[in-house]
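The values are calculated or read from the model by the stated rules, or taken from the named source; none is laboratory data. What you see is a predicted model; the values in this text were computed from it and never measured. Cβ: placed from backbone, ideal geometry, glycine included. Neighbour counts: every protein chain shown. Note: areas computed on protein heavy atoms with side chains; ligands, DNA, RNA excluded. Shrake-Rupley method; radii C 1.70, N 1.55, O 1.52, S 1.80 Å.
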Amino acid sequence: MEYVCANCGWEGPKSKLGKSLTLIGAKDEFCPTCGKADFLVNETELEEIVFHQTKGEGTCLPQRLLNNPTSS
């Protein structure tokens with residue numbers, strides 16, 4: 001599955017995400033470029049955001065991501 005970072009624009013497969021172990025043993029995934037976890041969205045989430053944007057509901061994603069939501 002492809003992911004996009006809304007912070008820096010990185011795009012890539014889940015296998016390329018950075019991973020770190022939390023104190024409780026879970027694995028956190030983060031953007032390999034900027035290190036942010038809260039800005040990662042997968043293809044499905046991005047399509048939903050674009051859908052809401054086209055309906056005039058707004059979004060906080062950068063316009064460059066909205067212009068090309070399915071690039072791989």
Task: Close pairs from the stretch 36-52: first among the polar types (S, T, N, Q), partner open to solvent by 90 Å² or more (accessible area, probe 1.4 Å), Cβ under 6 Å, at least 6 apart - done: 42/1
- [ ] Give the residues of the stretch 1-29 that are open to solvent by less than 40 Å² (accessible area, probe 1.4 Å) and either in contact with a Gly (Cβ under 8 Å, 6 or more places away or on another chain) or in a strand (DSSP E or B) (or both), sorted by residue number.
- [x] 3, 4, 5, 12, 18
TODO: Report, by residue number, each residue of the stretch 30-72 that is at negative phi, open to solvent by less than 60 Å² (accessible area, probe 1.4 Å), part of a loop (DSSP other than H, G, I, E, B) and modelled with pLDDT of 85 or more.
DONE: 31, 34, 37
